[in-house]
1. Restricting attention to segment 111-120, which residues are closer than 13 Å to residue 96 by Cα and in contact with a helix residue (DSSP H, G or I) (Cβ under 6 Å, 6 or more places away or on another chain)?
2. Quick check: is even one residue across segment 50-62 part of a helix (DSSP H, G or I), surrounded by 10 or more Cβ atoms within 10 Å (Cβ to Cβ) and at pLDDT below 60?
3. Please count how many residues of segment 98-135 are in a strand (DSSP E or B) and under 26 Å from residue 83 (Cβ atoms).
4. So which of 85, 113 is under 30 Å from the mean Cα position of the chain (by Cα), modelled with pLDDT of 85 or more and surrounded by 13 or more Cβ atoms within 10 Å (Cβ to Cβ)?
5. Would you mind telling me which numbered condition in (1) part of a helix (DSSP H, G or I); (2) out of contact with any helix residue (DSSP H, G or I) (no Cβ under 9 Å at 6 or more places or on another chain) residue 83 fails?
6. Checking residue 71 against (1) loosely packed, with under 12 Cβ neighbours inside 10 Å; (2) not in a helix (DSSP H, G or I), which single condition isn't satisfied?
7. Looking for whichever is within 30 Å of residue 119 (Cα to Cα), surrounded by 11 or more Cβ atoms within 10 Å (Cβ to Cβ), at pLDDT below 80 and over 16 Å from the mean Cα position of the chain (by Cα) here; the options are 9, 23. Which one fits?
8. Could you look through segment 116-140, keep only residues that are at negative phi and in contact (Cβ under 8 Å) with a residue 60 or more places away in the chain, and pick out the one that is surrounded by the fewest Cβ atoms within 10 Å (Cβ to Cβ)?
């Protein structure tokens, strides 16, 4: 089943849906980061002064959390790159002739709809075709 990302194109896109999903994940991670820092400060305030927390353990916790934060930032950048690549791919088929793997559907792409798991092309005949493995894409003859 194809799930909409919210990007429809005739060479344009609306990235609001996928952007808000990434933003929600980032806010959740930030909340977790802030919660971690609050817990760490509370732990330091309430520790027994005669038996303070092991500094090596404290540094290990901070390093682990720093790695998580970097991973979240990397994932956000990767998602953005994937969105741009998908939009470029979708845009590149507009005006080209596509033929289904079995040869039953063929036509010139008039517009495309970008989904999480692929691209659906609307052809000049009104038919729709999922652009994926086995689909032949060729230059339109004029």
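1. Once the filter is applied, which keeps residues that are closer than 13 Å to residue 96 by Cα and in contact with a helix residue (DSSP H, G or I) (Cβ under 6 Å, 6 or more places away or on another chain), segment 111-120 yields only 112.
2. To start, the set of residues in segment 50-62 that are part of a helix (DSSP H, G or I) comprises 55-62.
Restricting the remaining residues to those that are surrounded by 10 or more Cβ atoms within 10 Å (Cβ to Cβ) gives 58-62.
Those still in the list that are at pLDDT below 60 too: none.
Checked against the condition, which is being part of a helix (DSSP H, G or I), surrounded by 10 or more Cβ atoms within 10 Å (Cβ to Cβ) and at pLDDT below 60, segment 50-62 yields no hits at all.
3. Narrowing segment 98-135 to residues in a strand (DSSP E or B): 98-99, 106-115, 118-123, 128-131.
In the following step, the residues that additionally are under 26 Å from residue 83 (Cβ atoms) were identified as 98, 108-115, 118-123, 128-131.
Qualifying residue count for the region: 19.
4. Working: 85 fails: surrounded by 13 or more Cβ atoms within 10 Å (Cβ to Cβ).
Among 85, 113, only 113 is under 30 Å from the mean Cα position of the chain (by Cα), modelled with pLDDT of 85 or more and surrounded by 13 or more Cβ atoms within 10 Å (Cβ to Cβ).
5. The single condition residue 83 does not satisfy is (2).
6. (2)
7. On the way: 23 fails: over 16 Å from the mean Cα position of the chain (by Cα).
Only one candidate passes the filter, namely 9.
8. At the first step, the residues of segment 116-140 found to be at negative phi are 116-117, 119-125, 127-133, 135-140.
Applying the additional criterion that residues be in contact (Cβ under 8 Å) with a residue 60 or more places away in the chain yields 116-117, 120, 130.
Values: 116: 14, 117: 10, 120: 18, 130: 15.
This residue is 117.
The values are calculated or read from the model by the stated rules, or taken from the named source; none is laboratory data. Treat the numbers as computed from the prediction; the structure is a model and nothing was measured. Note: ideal-geometry Cβ built from the backbone for every residue, glycine included; neighbour counts use all protein chains shown.
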